[in-house]
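The values are calculated or read from the model by the stated rules, or taken from the named source; none is laboratory data. A quick note: this is a predicted structure, and the numbers were derived from the prediction, not measured. In this analysis, Cβ positions are derived from the backbone assuming ideal geometry, glycine residues included, and neighbour counts consider all displayed protein chains.
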Amino acid sequence: MHTSQHYYTTQLEDYIQNLYHSLGIFVPEQMNIMKVTQKLNIWIYFAPMGSCAIERNGLASIVIDNRQPPQEQFEDFGHELAHLLYHAGNQLHMPKMFLDYQEAKAQSFAMHFCIPTFMLQKLSLPYSRLEAIYLISTTFNVTPELAEKRLEHYEQRILTSRFHDIVRAEYAV
């Protein structure tokens, strides 16, 4: 896979990079739920119930479904962390359209949190799509489904960056 000379990061990608760096996390091997929750002062519970995030009286907690495999637990953690960092209000009492919006934002955050761009860019991705998905999945300890979705998103961002470079070159005359 080829990368562009310039990769224009999004605000979300920059936010996640800054978040990880502020936690002293720079490589995939350092990424783990316990380290993140400890540094962010979030209580974490593993229980046989659906994953969820709760904030009461300034105390943030995340419950992770312990019946799921570790890869899905990490993905759920990224999703629930997004709710704590970005969202306010009780989802039981909000309009469906706003709930859907929050869920879409949490899914996007989780994808980038679990596979951060600044770490993904350092991988030498194989040309074979299946091998690239496998490498991302094993490097970041995520499901192949999330790895494939993230790879597609990353490729789109590379194409967008190339397009911006071409447009800039055209108008730089």
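Miscellaneous remarks
- Answer residue from segment 109-142, given it is buried (at least 16 other Cβ atoms within 10 Å of the Cβ) and of a type in the set (S, T, N, Q) and is farthest from Ile33 (Cα to Cα) among those: Thr117
- Residue list for segment 13-24, filter: surrounded by 15 or more Cβ atoms within 10 Å (Cβ to Cβ) and either within 14 Å of the chain's Cα centre (by Cα) or part of a helix (DSSP H, G or I) (or both): Glu13, Tyr15, Ile16, Gln17, Leu19, Tyr20
- Verdict on Ser137 being out of contact with any Ser or Thr (no Cβ under 6 Å at 6 or more places or on another chain) and either at pLDDT 95 or above or in a helix (DSSP H, G or I) (or both): yes
- Condition check for Asp100: more than 16 Å from Ile115 (Cβ to Cβ), surrounded by fewer than 18 Cβ atoms within 10 Å (Cβ to Cβ), modelled with pLDDT of 95 or more and of a type in the set (Asp, Glu): no
- Residues in segment 131-173 that are over 17 Å from the mean Cα position of the chain (by Cα) and among the acidic types (Asp, Glu): Glu131, Asp165, Glu170.
- When the test is whether a residue is part of a helix (DSSP H, G or I) and either small (Gly, Ala, Ser) or modelled with pLDDT of 90 or more (or both), Leu123 does not pass it.
- Residue match in segment 159-172 (condition: of a type in the set (Ser, Thr, Tyr) and modelled with pLDDT of 95 or more): no
- Arg162 vs. criteria in contact (Cβ under 8 Å) with a residue 12 or more places away in the chain, out of contact with any helix residue (DSSP H, G or I) (no Cβ under 6 Å at 6 or more places or on another chain), at negative phi and crowded, with 16+ Cβ neighbours inside 10 Å: yes
- Given (1) in a loop (DSSP other than H, G, I, E, B); (2) over 25 Å from Lys122 (Cα atoms); (3) not basic (Lys, Arg), number of the condition Thr9 does not satisfy: (2)
- Residue match in segment 82-92 (condition: loosely packed, with under 12 Cβ neighbours inside 10 Å and hydrophobic (A, V, I, L, M, F, W, C)): yes
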